[in-house]
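What follows is one structure encoded as structure tokens, with my remarks underneath.
The values are calculated or read from the model by the stated rules, or taken from the named source; none is laboratory data. The shown structure was predicted, so the numbers you read here are calculated from the model rather than taken from an experiment. Positions of Cβ are generated from backbone atoms using ideal geometry, with glycine treated the same way; all protein chains shown enter the neighbour counts.
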Amino acid sequence: MDRTVRLDHLVRLSTPTGLFEHALGPEPRVEHGMCVDDVARALVVMARAPHGDPEVATLTATYLRFVRSAQRPGGLVHNRRTPDGSWLDEPSTDDHWGRAVWALGTAAARVRDPGLAADAHRGAGEALAARSPHVRATAYAALGAVELLRVDPRHAGAHRLLQDARDALPRPTSDPRWPWPEARLSYANAVLAEALIAVGDALGDDGLLADGLRLLDWLVTVQTADGHLSVVPAGGRGPDDGRRGFDQQPIEVTAVAEAAATALRATGDDRWAVVIERCVSWFEGDNDAGVPVRDVATGAGFDGLEPDGVNQNQGAESTLAWLACAQLGGPPRPTPAP
């Protein structure tokens with residue numbers, strides 16, 4: 001199967017400042033601005049991309065500069081930004097903070113340019129000084145701390161974050177029918193399981209690791225129908241809801257793929273490779289609507305799976321979801337825009 005992916009659409013959404021959040025069809029919606037949520041995802045994808053490509057190097061530097069400029073003393077991070085570079089919100093530790101830590105830790109560990117890697121390392125250390133009351137933000141930050149420890153095994157801030165995350169992350173319930181630690185599945189669900197796996201593996205906590213694997217296994221099971229993924233729709237899913245629903249978001253599929261990749265690294269169990277392949281196949285048309293949720297010619301991802309097709313808008317979140325999933329299942333060979 002050809003896993004070559006193009007960066008054309010990502011380049012179209014990007015500027016020397018950052019990355020437009022939304023698109024109308026393939027065209028960036030400039031009026032909607034930019035956000036750390038998406039630029040952090042983009043930095044993760046570029047940090048993991050094959051090195052040596054000039055387009056990848058340019059985008060990596062742009063996205064890192066954006067995330068670093070969002071940081072404020074005490075570890076807080078802005079999220080919303082206008083195209084001219086003005087920040088619109090108060091810095092906080094909402095989910096975008098966690099994604100910023102994830103991105104900075106990943107860049108510190110994986111970017112080959114020494115100057116950029118060092119800057120990401122500094123940024124990760126600064127952001128790790130903060131804490132969030134939100135479990136998904138904490139989960140993303142834990143993933144960043146684990147990445148940072150790959151390049152700096154004694155980093156005190158990363159170790160403290162992991163210890164705090166071990167206490168903060170929710171564990172499975174005792175209900176075999178609904179072990180999920182929330183009343184409903186909502187968004188980015190798999191990151192909670194992934195964080196338990198990653199933190200458990202990093203700290204040598206077998207119980208935490210087992211809890212994460214149990215939740216991920218259950219999550220994959222309840223999001224599988226007729227042998228393909230049928231992920232939680234945008235409205236969420238409770239224990240009494242049906243298996244299938246729309247609008248299914250690409251980011252949910254990629255969250256499962258990311259968690260499965262972490263489980264594969266932690267356990268070496270090839271069944272997680274099968275899950276990753278199932279995630280890639282969802283984008284390629286093995287889904288509830290039987291249609292591709294990506295444009296192979298441009299590398300764009302469509303904004304949602306509907307009963308009769310796809311949402312034709314091609315925003316940053318969905319595009320990065322496809323690129324990340326192809327990366328995990330490939331590896332991809334990014335092809336720059338002409």
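Residues in the stretch 10-26 that are over 16 Å from the mean Cα position of the chain (by Cα), part of a strand (DSSP E or B) and under 13 Å from Thr319 (Cβ atoms): 3 in all. I'm checking my understanding of the structure. Among residues of the stretch 259-298 that are over 26 Å from Leu143 (Cα atoms), touching a residue at least 12 places away in the same chain (Cβ under 8 Å) and small (Gly, Ala, Ser), which one is surrounded by the fewest Cβ atoms within 10 Å (Cβ to Cβ)? Among them, the one singled out is Ala297. Among the residues of the stretch 215-229, those identified as touching a helix residue (DSSP H, G or I) at 6+ places or on another chain (Cβ under 9 Å) and surrounded by fewer than 21 Cβ atoms within 10 Å (Cβ to Cβ) are Asp217, Trp218, Thr224, Gly227, His228. For the stretch 32-44, the tally of residues that are small (Gly, Ala, Ser) and either assigned to a helix (DSSP H, G or I) or closer than 13 Å to Ser14 by Cβ (or both) stands at 2. Could you tell me whether the stretch 45-65 includes any residue that is surrounded by fewer than 22 Cβ atoms within 10 Å (Cβ to Cβ) and assigned to a strand (DSSP E or B)? Scanning the stretch 45-65, I find no residue that is surrounded by fewer than 22 Cβ atoms within 10 Å (Cβ to Cβ) and assigned to a strand (DSSP E or B), so the answer is no. Across the stretch 69-107, what is the number of residues that are surrounded by fewer than 17 Cβ atoms within 10 Å (Cβ to Cβ) and either touching a residue at least 60 places away in the same chain (Cβ under 8 Å) or under 18 Å from the mean Cα position of the chain (by Cα) (or both)? Number of matching residues: 3.
A single member of Arg41, Arg72, Arg80, Arg65 is charged (D, E, K, R) and touching a Cys at 6+ places or on another chain (Cβ under 9 Å), and it is Arg80. For Arg177, the conditions (1) over 28 Å from Gly52 (Cα atoms); (2) at pLDDT 95 or above; (3) surrounded by fewer than 22 Cβ atoms within 10 Å (Cβ to Cβ) all hold with the exception of (2). As a summary of the residue check, Gly212 satisfies the conditions (1) over 22 Å from the mean Cα position of the chain (by Cα); (2) surrounded by 14 or more Cβ atoms within 10 Å (Cβ to Cβ); (3) part of a helix (DSSP H, G or I); (4) of a type outside the set (D, E, K, R) except for the one numbered (1). Here Ala127 does not fit the description of being under 28 Å from Gly329 (Cα atoms) and crowded, with 17+ Cβ neighbours inside 10 Å. Candidates in the stretch 229-249 are the residues that are out of contact with any Leu (no Cβ under 6 Å at 6 or more places or on another chain) and not in a loop (DSSP other than H, G, I, E, B); of these, the one that is farthest from Cys279 (Cα to Cα) is Pro233. Only one entry in His134, His159 is surrounded by fewer than 20 Cβ atoms within 10 Å (Cβ to Cβ) and under 14 Å from Gly200 (Cα atoms), namely His159.
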